1. Please go through region 32-140 and write out the GluC sites (Glu not before Pro) that DSSP classes as loop and that have at most 12 other C-beta atoms within 10 Å.
2. To make sure I understand, if each residue's beta carbon is the centre and we count other beta carbons within 10 Å, what order do T38, T4, T32 fall in, fewest to most?
3. With r defined as the distance between the Cβ atoms of K92 and R41 and R0 fixed at 30 Å, what FRET efficiency is calculated, to the nearest 0.05?
4. Tell me the Kirkwood hydrodynamic radius of region 54-140 in angstroms, computed as one over the mean inverse distance between distinct C-alpha pairs.
Amino acid sequence: MKDTFIKWFMSINAFLLRLSHGRIGSKLGKQTILILHTIGRKSGQDRAIPIAYFNYENRYLIVASNWGKDRHADWYFNLKKDPRATLEIKGKTISVEAHEAQGEEYDRLWKFAAEHHPPYVDYQKMTTRHIPIMVFKQVD
C-alpha cells in the first residue's frame, strides 16, 4: 500500500513539475525536488522521476535512499550503466554526468545530507544496504 501511494504521489508531482515548469512541486517541506532523466538500462527509453536533491559546491546531490527499501531504485542502476543524465530544475534543463561518492567524499556528503534531511538516518536504519549518494556535475 505504501509503495502504491509513493508511486502515485511521485507521478502526480512529476506531472505538476512539468506542467508548471517547476513552479509547483519543486518544494516539499524543506526538500527541493527536480526531475531526473536517465536512460533505462534494459529498455533504452528515457526514464523520468521526481526526486529530492541538494545543491552542494556547484554540484547536485541525490541520496539513493529509496525510502529505506532493501533494493536500490531503478534510476540508480540506470546511472551505474550510463552516468549521463539530464536534470530538470525549475523549468531549466541541465546536462550532467554522475558519479557515486566514495570514501571521504561520501562521509562528508552523508553528514551534509543527514543534517539537512534527518529522515535519511532513519532510512539507513531500515535497510541493511549501503545508501549511495550520486553526485552530478554539469557538462556542456
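1. Loop-located and lightly packed - E57.
2. T4, T32, T38
3. Using R0 = 30 Å, I get an efficiency of 0.70.
4. 13.5
Here, each number is a calculation from the coordinates, and none is a lab measurement. If you're wondering where the values come from, they're calculated on a predicted model, not measured in any experiment. No Cβ is skipped: glycine too gets one built from the backbone with ideal geometry, and neighbour counts run over all protein chains shown.
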